[in-house]
Amino acid sequence: MVREGNEEIQSVEDLKGKTVAVNLGSNYEELLRELPYADEIDIRTYESNIEQDTALGRVDAFVMDRVSASQVIKEKPLPLALAGQPFSEIRNALPFRDTEEDRALRDRVNAALTSLRESGELAAISEEWFGTDITRR
């Protein structure tokens, strides 16, 4: 995420030479440090106020998952915007017990999600709740 109007950062490569904030204890610091050019990024960890410091221009960007970032944009009155496409993917999973009954339930849930995705309804729900389609891959 960047301050609204910041067009300089459109991809993860654009973080070179920039100051980038991450939440303390999140996976995003590790993801940034694994980049081949990590030594060219000033990575700063924050316990709080990550959004405010980005909005105020104290850092150039911060890294957060798309769901949380979309919620921040929707719920906080700060001049923030999503920047570029995700550079990594962390998948969420729904655990089911390994029983015949639960495998059948898992298959029904997967079929329902596939149907919702194909009909466009999943994207519409995402737009309604998050202000963007977080279901895109």
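The values are calculated or read from the model by the stated rules, or taken from the named source; none is laboratory data. The shown structure was predicted, so the numbers you read here are calculated from the model rather than taken from an experiment. Methodologically, a virtual Cβ is constructed for each residue, glycine included, from the backbone with ideal geometry; neighbour enumeration extends over all protein chains shown.
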Open item on the list: Just the residues that are in contact (Cβ under 8 Å) with a residue 40 or more places away in the chain, more than 24 Å from Trp129 (Cα to Cα) and not hydrophobic (A, V, I, L, M, F, W, C), please, taken from region 14-32.
Closed with: Asp14, Lys18, Thr19, Asn27
Open item on the list: Checking the condition part of a helix (DSSP H, G or I), small (Gly, Ala, Ser) and over 24 Å from Ser126 (Cβ atoms), which residue from Ala112, Ala104 passes?
Closed with: Ala104
Task: Options Ser88, Ser70; residue that is out of contact with any strand residue (DSSP E or B) (no Cβ under 9 Å at 6 or more places or on another chain), among the hydroxyl-bearing types (Ser, Thr, Tyr), surrounded by 12 or more Cβ atoms within 10 Å (Cβ to Cβ) and assigned to a helix (DSSP H, G or I) - done: Ser70
- [ ] Look through region 33-68, keep the residues that are without any contact (Cβ under 8 Å) to a residue 40 or more places away in the chain and within 25 Å of Asp133 (Cβ to Cβ), and return whichever of them is nearest to the chain's Cα centre (by Cα).
- [x] Asp65
TODO: Taking Leu56 as the residue in question, decide whether it is out of contact with any Pro (no Cβ under 6 Å at 6 or more places or on another chain) and either at pLDDT below 90 or surrounded by 15 or more Cβ atoms within 10 Å (Cβ to Cβ) (or both).
DONE: no
